[in-house]
Structure formats: C-alpha cells, structure tokens
There are 4 protein chains.
Amino acid sequence: MTAAFEREVLIRFGHCDPAGIVFFPRYYELLNAFIEDWFNDGLGVSYAALLGPRRVGLPTVQLQASFERISRQGDRLQQRLWIERVGRRSLTLRISFDGADGPRVSFGQVLVCTSLDTHQSQPFPEDVREALVRAVQQQQSHESSEQ
Amino acid sequence: MTAAFEREVLIRFGHCDPAGIVFFPRYYELLNAFIEDWFNDGLGVSYAALLGPRRVGLPTVQLQASFERISRQGDRLQQRLWIERVGRRSLTLRISFDGADGPRVSFGQVLVCTSLDTHQSQPFPEDVREALVRAVQQQQSHESSEQ
Amino acid sequence: MTAAFEREVLIRFGHCDPAGIVFFPRYYELLNAFIEDWFNDGLGVSYAALLGPRRVGLPTVQLQASFERISRQGDRLQQRLWIERVGRRSLTLRISFDGADGPRVSFGQVLVCTSLDTHQSQPFPEDVREALVRAVQQQQSHESSEQ
Amino acid sequence: MTAAFEREVLIRFGHCDPAGIVFFPRYYELLNAFIEDWFNDGLGVSYAALLGPRRVGLPTVQLQASFERISRQGDRLQQRLWIERVGRRSLTLRISFDGADGPRVSFGQVLVCTSLDTHQSQPFPEDVREALVRAVQQQQSHESSEQ
C-alpha cells in the first residue's frame, strides 16, 4: 500500500546512546518532525501557523510503538505514513521507519484536534479537514491502481 | 495495587512546548530516567554498571502510551511502576505518571535483555533476575495485605 | 569562594553518546534545570510562575563553556553557581559542574530579564531583584568569613 | 567573507519552549547536526564512520555563544561556518545561524581530535587533515577573489 507521505531521515550521532544505537526517546522526536513535514510539504498546511497564530493543537492521545530492529548513526531510514482514519476531531495514523533490512520502528498514533486556548478537543479547521480527506482519497486511488 | 517503585518528578520549562504543555517526546525521556532510578534505587542494580562495563542492554521492544491529561511546567507528577511479567529474557511493565487531577500518561512497556556486543537477546544476569523476582514477590505481598 | 547554590546531579544513560560520554548539548539542558532549581529552591522564586502566568522571560544572551574533563553515565556531578553581577535587567553567573577529578564543565552565563509578551528587556520584578541582592550579600558574607 | 559551508535549517515546534521561542539547549543540538553535515557533505569525510568504526572523537572543548535575536517555530535559518584555525589536534570554527533580520546566534567553537579508546587528544587522521586544509584554501581563495 502506497504511503500518503514519505521522506528519508539521517540517524545522527546525537540520536544514539552509549550502546551505539538510537536512544528510543529520540525516535519520538523524529516522529514529531516527520508529522510536521507531512503537514508542511504533504498536506500543504503550515504546521507553524497552525500551532502558532491559529492556536490549533494536535496532541497525541494514543501512541503504540514496536521497536523491531536497531538503528545506528549514519543509517538512512525511510519514513512512511499511512492514514488509517480521519474523524471530525481525530486522526489515526500508521507510521514506519524502515532500514535496508526492514522496519526499524513502527507506530500507531492517534492525534486529536484541540484549541490551544482551552486544550479541549474541537473539529479540525475546514482547510485541514479538506487536506486530510484529499490525502485519504489519493492514498485509496493509489491502492486501487495497484491491484 | 501498590506500585513496585515510585517517585516524584518536576515538569520543567524545558519539557514544555509553545502550547505550554509537555512536548510528548519528553515524557519518554522522563520514562527512561524513571526506569534508571528504579534499577538503581529500587532493584539495587547499578544501571550505569549494567549498560556500561557489564555490556548488558535493556532495549524497549514494545511501548504503548496513553496521554490522558495535559501537564504544565511546575507540575509535580507521581511516577509509579508495576511489574506485570518477568520472563527469562524480557520484562513487562505498567507505568503511570499521575497529577493531582488523575493520570497524565500511562505506559505499557516491554523491555528485553540483550548483549551490547551482539544486540541479541539473552537471559537476564542472575542478580538482575533475582532482584526482579524479589520485586514481584513484594508487589504481590502488598497486594494480598491490601485485600 | 562559597557557591550561592549547589546540588548534585546524576549523569544518565540518555545524556551520553556512542563515545560513552556526555553529548555536549545535554550539559545545556542540565544547566537550565540547575538555574530552574536555583530559582525555586535557592532564591525562593517560583520559576514556573515567573515564566508562566507572570510572563517574565530569562533568556540567555551570552554563554561561554569550557569542557574540561569527560563525564560518563553513573557519574554524580556537583553543580555550583556563583553570582558575578546583578544588574537592573541582567544577571551574570559563573557555574561549575565538578566530578571527583575536578571541574568537568564551567560556564559563564549572562541572562536578561524580558517581557514574554514583547521579548524586550525590562527591569527584574521587585521580588526577583530583592532575592538576587540577598543572595549576593550571603555569598559575600560567606567570602569574608572564609578569610 | 564566504562561508566554508552553509545550509538552511527549519526551526521546529519541538525546538521551542512555552515562551514560544527556541529553548537554547536546542541550538546546540542544531549546531552539532550542522557540524555533522559539514563533515559528510562539505569535507567529504563520513562523520558516522569517523566517530563509529574509526574510533576518532571530536569533542568540543571551548564554546562561546551569543544569542542575538529570538527564533520562532517555522523560521528558516541560514547556518554558516568559517574555519578560523586548523591545528594538528584542534580546530577553531566560527558559526552563525542567521534569520531574515540578522544573526540569531553566533558561536565560536574549538574542537579537539581524540581517540575514542583513550579520550586523549591525537593528531587529525591524514584524510581529515587534508580535507580541512583544502577547505581553508577554498575559503581563502573566495576571500581574495571577493576583494
């Protein structure tokens, strides 16, 4: 199944621990940066404007991670993202960071749309909702053309 | 159910993001520091010696997180840990970071014992295994005395 | 010369890099946490209230660091802070993180008081200024009694 | 004066603090990533191979920073690096992160070449030394052609 968004990321010296492999909290920083790039470059919605002047939050409420293989400094991982469900106020994603030897980490993530003034959930702004729906449609059309 | 280990942690300015709440990857740094303190102060096994000269790794292989309430700078969270299962080569934990208003984050974590030379799984060293079994027994005796 | 504030800090696994020593950006996180504790526990000024509801910033404008000896996971460092100068809008500190073998890192730091609404400099709030002046006096009285 | 290396970097949500501006320890992570990219892409020396299998360290021993203007999420900074001095065992750099309004941060950094087995200083490996000397020559030829 074709990913809704993908890019490559370099595992850096500073991501790794004395065991010589990625310190697992760093994967979550890489995850958040990946979501940020997806909004900016995939969905065409400025993440900085959204969480800045527009005061719309996207906190993670559920996050399941499977760490399957180790990563070392200098590795280049392919980051891929699939949309599993777009709700009125929430978004379910599946994400994979893959090395040449297969998946290194895979995530199941649920994000919720909130107001940064009240930290209460709210429906996605119209432009975000439209961009998400469009991304789901593209993902599905890739799927059917692959069959 | 009484926790096998607990301590308090301060949410710092540097843990928080422009939304004024904990940036979620920081919770994972706090989680790892909590496990480290549990080994040092709860189990009586030096974490630095284990992962340093003893070359024993404890990578996380599964990690489920539920982010239930927001935390802000200056909050003091109670961190609690329960042992769910001690295997020959793996350990399943349930962890909760609680504020005055209830759980902020809860984790289900599976760690595996590895060799830092090969990054392959191996049985827990005898002293670690014994400390873990003792901790499970104490947790259970607290449970029965609570009934 | 007696420090205006001191405490001990544990070098953790997550502070260290594949070379087995502290990844230097982590020292700056430890530095900021130390300043935070000084405000809370030394000066008696809530850092979270100051930078939160009171909207007073304390950005660093100059920071000189000398990395003198390596630190490894499990090391316990003594963090010490001396006030060099209290101005109307700025504060000059000297800070040292010491191991058993001598200084590991030493910092010269200039912080400025700002409004978090405008990010422009402003005089210290009265209570902060008083706490700083009192801390300088205590530091000096310790000095003269040491002679 | 033409920089020996430059690239653009995005200030991310996760780099910023509740004051809405970069949390200063994050600038040091960005600095280290920039040095890493310079080695990989500018000098043509694999940073991961150097600090990994080749066991050559590049710890920072002196680091002066001036924080001149604030940066916010979504800002794109131009990172620039000038070589001030190449010694047998050490390297002095000047680095600037610039926004549209001028310099945001500038650094003066001294790095030393070490053995990761002993953490003692040692001369730069021949290929690193040659790449550094070449980079200095290019920097100077740009300078003279600019006059």
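Being touching a helix residue (DSSP H, G or I) at 6+ places or on another chain (Cβ under 9 Å) and within 30 Å of C:Pro53 (Cα to Cα) is true for just one of B:Phe24, B:Phe39. Which residue is that?
Sole residue among the options that is touching a helix residue (DSSP H, G or I) at 6+ places or on another chain (Cβ under 9 Å) and within 30 Å of C:Pro53 (Cα to Cα): B:Phe24.
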Query - Unique match (being touching a strand residue (DSSP E or B) at 6+ places or on another chain (Cβ under 6 Å) and either within 25 Å of B:Val112 (Cβ to Cβ) or touching a residue at least 12 places away in the same chain (Cβ under 8 Å) (or both)) among A:Pro103, A:Pro123 - result: A:Pro103
Report summary line: Conditions (1) at negative phi; (2) within 14 Å of chain D (Cβ to nearest Cβ); (3) touching a strand residue (DSSP E or B) at 6+ places or on another chain (Cβ under 8 Å) -> A:Gly74 fails only (1)
Query - Those residues of the range A:53-71 which are more than 13 Å from chain D (Cβ to nearest Cβ) and either among the hydrophobic types (A, V, I, L, M, F, W, C) or under 27 Å from D:Arg72 (Cα atoms) (or both), in sequence order - result: A:Val61, A:Leu63, A:Ala65, A:Phe67, A:Ile70
Query raised in the report: Taking the range C:134-147 as the region of interest, how many residues are surrounded by 13 or more Cβ atoms within 10 Å (Cβ to Cβ), of a type outside the set (Gly, Ala, Ser) and closer than 13 Å to C:Gly42 by Cα?
Result: 3
Query raised in the report: Restricting attention to the range A:1-24, which residues are within 8 Å of another protein chain (Cβ to nearest Cβ) and open to solvent by 40 Å² or more (accessible area, probe 1.4 Å)?
Result: A:Arg12
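Yes/no matrix, rows are residues, columns are (1) of a type in the set (Gly, Ala, Ser); (2) under 30 Å from D:Ser46 (Cβ atoms):
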| site | (1), (2) |
| --- | --- |
| A:Ala48 | yes, no |
| A:Pro53 | no, no |
| A:Gln62 | no, no |
| A:Asp75 | no, yes |
| A:Leu81 | no, yes |
| A:Val86 | no, no |
| A:Arg94 | no, no |
| A:Ser106 | yes, yes |
| A:Leu111 | no, no |
Report summary line: Flagged pairs (Cβ under 6 angstrom, 6 or more apart or on separate chains; first in the range D:39-57, β-branched (Val, Ile, Thr); second crowded, with 19+ Cβ neighbours inside 10 Å) are D:Val45/D:Phe39; D:Val45/D:Val128; D:Val56/D:Leu50
**Report entry** Count of the range B:25-47 residues which are over 30 Å from A:Asp117 (Cα atoms) and within 11 Å of chain C (Cβ to nearest Cβ)
**Finding:** 11
Query raised in the report: Does D:Leu30 qualify as being of a type in the set (A, V, I, L, M, F, W, C) and over 24 Å from C:Gln109 (Cβ atoms)?
Result: no
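Out of B:Gln79, B:Gln122, I need the residue that is in contact with a helix residue (DSSP H, G or I) (Cβ under 9 Å, 6 or more places away or on another chain) and either polar (S, T, N, Q) or modelled with pLDDT under 95 (or both). Which one? First the steps, then the outcome.
Numbers: B:Gln122 fails: in contact with a helix residue (DSSP H, G or I) (Cβ under 9 Å, 6 or more places away or on another chain).
The conditions single out B:Gln79.
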Report summary line: Across the range B:1-31, the tally of residues that are out of contact with any strand residue (DSSP E or B) (no Cβ under 7 Å at 6 or more places or on another chain) and more than 17 Å from A:Asn32 (Cβ to Cβ) stands at 3
Report task. Consider C:Leu50 carefully, then state whether it is facing chain B (nearest Cβ under 10 Å) and out of contact with any Pro (no Cβ under 7 Å at 6 or more places or on another chain). Result -> yes
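The values are calculated or read from the model by the stated rules, or taken from the named source; none is laboratory data. Note that the structure is predicted; figures quoted are calculated from it, not measured. Ideal geometry is used to build each Cβ from the backbone, glycine not excepted, and the neighbour counts take in all protein chains shown. Note: accessible area is taken over every heavy atom of the protein model, side chains too, but ligands, DNA and RNA are not part of it. Shrake-Rupley method; radii C 1.70, N 1.55, O 1.52, S 1.80 Å.
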